1. Count the lysine pairs in region 53-155 that are 8 or more places apart or on different chains: how many have C-alpha atoms under 13 angstrom apart?
2. Run the numbers on the chain and let me know its relative contact order in percent, using alpha-carbon pairs under 8 Å that are six or more apart.
3. Based only on Cα atoms, what Rg/Rh ratio does region 53-155 have, Rh being taken as Kirkwood's radius?
4. Short version: ³J(HN,Hα) in whole Hz for each residue of region 121-137, in order, from phi by Karplus 6.51 cos²θ - 1.76 cosθ + 1.60 (θ = phi - 60°), x for Gly and Pro, what are they?
5. Given the C-alpha centroids of region 157-181 and region 469-517, what is the distance between them in whole angstrom?
6. For region 276-334, how big is Rg over Rh, using alpha carbon atoms and the Kirkwood form of Rh?
7. So which lysines can LYS478 reach, going by Cα to Cα under 21 Å and dropping same-chain residues fewer than 8 places off?
8. Can you compute the label reach from ASP367? Point 7 Å from Cα along the Cβ direction, backbone N cut-off under 18 Å, restricted to region 301-343.
Amino acid sequence: MVLQQRGKDLHDFQIQYIKGVGPKRAKLFNRLGIKSVKDALYYLPYRYEDRSSIRKISNISYGSSETVSGKVTSAEVINLPGRNLKIFELVINDGSGLLKARWFNQPFMKKNLRAGDEVLLYGTVKRNSYWGIGFEMDNPEYEIIDDDISSVHMNRIVPVYRVTSGLSVRQVRSVIFNITNTCIKDIIDPVPEEIFKRNALPALTESLYNVHFPDTSANINLLNRGASDFHRRLSFDELFMFELGLAVIKKGSVLEKGTAFKPEGRLLRRLPDLLPFRLTAAQERVFNEIINDMKKPHPMNRLIQGDVGCGKTVIALMAMLVAVECGYQSALMAPTEILAEQHYINIYRLIEDLGLKICLLTGSKKDRPIDRIASGEFDIIAGTHALIQEGVIFKNLGLVVIDEQHRFGVMQRALLRKKALNPDVLVMTATPIPRTLSLTLYGDLDYSIIDEMPPDRRPIKTLLFKSTRKEHIYSIIKEEIKKGRQAYVVYPIIEESEKTDLRSAIVGKNAFEKVFPEFRIGLLHGRMKAQEREQIMASFKQGEIDILVSTTVIEVGVDVPNATLMIIIHAERFGLSQLHQLRGRIGRGTYESYCILIAYEPYGEEARSRLDIMVKSNDGFQIAEEDLNIRGPGEFFGTRQSGMPDLKIANIARDAKLLNVARKEAFALIDKDPELKGLPVLRKSLETFWKGKMELFKTG
Ligand code: ADP
Ligand code: MG
C-alpha cells in the first residue's frame, strides 16, 4: 500500500491507510490533529524516557520523577465512603522493592491494569501517605509491557506522546514507528541543501527520524528541551517558512507602485507654533525616515516602536499633515474607542487652526459620517475597527496610521490597506514586545525606533502596598490632589459579581466619594455610552475631575500630563505589559509621578515576580523580556490572534538565534528569487504553510 503511494505528497496520504490504523482509529488520530502521514511525522513527542536503563525501585528517591517497571501484585478500587472518593490502587514489585500507584476517581482504571501485568510507571515519587515510608506515585503515566519485546517501546530512549482517550501512547508510538520506517524516504526536503548545510543543520529525513526515535547515545536533556540538532532543524524549517512569507510580503510591497508624496511643507512649518514643546532628536530622526518613505513611489510600510510616553502621536500627526497637504486623506486607527476619541479630540484642537477637518468613526457612535468621508470632506479620519468595515469608503486615502499595533494583526493591517490603492502605512506600538518577537510579528515592515524620552520627564516611582494599608494610601492621594494634581484609580472589573471576590470600579467610586467628599470623582468604563465617555475624558483632561476611577479602558494611549498618580487595585491580577501600559498613563508631564500597586493577598509566585519587576524597572524593553520569560511565548503573544501562521515546533524564546538565522536566509533567498521560480517544492510548502493567512503570490 505504501509503495502505491510513492511519489504522492505525504500530505495527501491519509493516516487511515497506515497499517494498524483503519477508519475507526483514524478518527482518534484526527482528534490529535493527525490527518495525514505527514501530520504524524510532525507530531512530536512532548517528552522522552530513557528505557535503556530503568532504575530499580530500591534506587529511586523521594521527590524525583522516575520510570520504574515491574509486575502488578495487586490492583483494586478502594471506596472512601464518607468522602465520596474512589481510589484505584496498584502495587508493583520489580524484585528490588514495592511501589504503590494511586489514581483518584478513575475506577475504570481497573479495566486497564490487572494483577500479573508487567507495567511501566512514570511519575513523581512520594512517601507513602499512610506509613510515611515506602514509595508511592499519584496518577502516574503507565504503559503495559506486552509479549512483544520489540525494540520500539523498550531498551531505548522512548518517545512519549500526548494521547486521547481510546488511544494509548503505545499505539501512537507503534504507528509512528511504522511510518518512520516506511514513508520517511518519501519526504522531499523543500529547503535548499546549501542553506541547512551552511547552518550546520542535519537533513530533514534524518531529523524526522531522530526526533521520534533517537539514538541511545543522544542527550536526553537536549531532547526533552526540544533543543537537539534534529529538533533545531525542524524549528528552523518552521521559522524559515515564517520568515520567507514575510519576505515575500515585504518584497511585494516594495515592488508595488504607491504614491510619491511631494510636500513643500506648508502645513508642517506651522506646527511648531502650535506645539508646546520641541521634538527630541529621536523624534526628528524617525520623522525623517518616514518622510523619505513617503516621497518614494512605493508604498511605505513602517513600524515605529517606542516606549509609552516617548511621543509617537505627534510623529503620526506630522506624517498625516504631509499627506493632507498633498491632497490625500489620512486614517488613524486605534484599538479602543477611548483612545480613538482622545486622538480625535487632541488632533481636532491642533488642526482647527490650520483649517483642516477631522472626524471620528467608532462602532458605538450613532452619527457615522460615512457619506462625508466618501465625499472627501474630512482630511483626517480617526477611529477604531469601524474604519475597516465594509461600507466605509474613502475618497482618496493616502496614509494609514495604526496606533498600538500590538492589538491588531497583519490581517487588519491588510484590510485597512485595501481601502485604497496601496496607501502608505505607518504602524506604531509601545514597546512591550521583545525584539525577538517583533521580528516575527512585524517582520514585513521597516523599522524605526524612538529610543529617547522627552527631556522633561522624571522616572515614575513605583510602590507596592498591601491592601491593608488603606489609610496610608488615602493620605498619599490627598496630598497629590491638594497640590493640584490628578489621579487614576484602576479596578479589574466594572461591577461586583458572585463569581469573583474582586473589588470593582463602581463600588470603588462610591467608597472614594465617602472618603474624599471634598474632591471631584469621575467614573469611566467600557459599558458607558461613547458620548458619556468622551465627556468624562474631556473633563478629566480639563482638570474638572480630581480622581478618575476606571477599568482598564484607559490602558493604552490616554494622555493627561497633569495626572501624576496611578493606583492599581488588585495589581496582582494584571499582566506585566498591562501594568506597564497603565503606568504609562502618568509621568507624562514635568511633575514627579507615582504608581501605587495594591495587591490583595494571597497571591502566587508568578504574581509576586511580576510585581517585583514593576517596582524595579521602568524600561519597557526589559519588562517585555521578563514577561516573555515568565509566561512563555505562546501566552505572551498568541500568534493566532495576530493573524500569523502558528508556530507548532519552534519556540521564539528558546530559538531566538535560530530565528535570526532563518530570517537572514529567507530574506536573502527572496532577494535573489522573489517568486521562488527556481524552487517549486519550497514554493508549494510555503503556500501551504501560509494558507488562509495571506495571499503570498499574486499569480499562480
Ligand atoms: P506615546 O508614544 O505613548 O503614544 P504620546 O504621543 O501620547 O506618547 O506622548 C506623550 C506625551 O508627551 C504627550 O503629552 C505629548 O504631547 C508629549 N510629548 C511628545 N513629544 C514631546 C517632546 N518632544 N517634548 C515634550 N513632550 C512631548
Ligand atoms: Mg500612543
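1. Going through region 53-155 pair by pair, I get 4.
2. The value is 12 percent.
3. Over the Cα atoms of region 53-155, Rg/Rh equals 0.97.
4. For region 121-137, the Karplus-derived couplings read 10, 10, x, 8, 7, 10, 6, 4, 6, 7, 9, x, 10, x, 9, 8, 10 Hz, x marking Gly and Pro.
5. So the two Cα centres are separated by 56 Å.
6. Dividing the radius of gyration by the Kirkwood radius yields 0.95.
7. Candidates past the 8-residue exclusion: LYS461, LYS466, LYS470, LYS509, LYS514, LYS541.
8. Backbone N within reach: 341-342.
Throughout, read-outs are computed from the coordinates displayed, never taken from laboratory work. Being a predicted model, the structure only gives us computed values, none of them experimental. All Cβ positions, glycine included, derive from the backbone under ideal geometry; neighbour counts span all protein chains shown.
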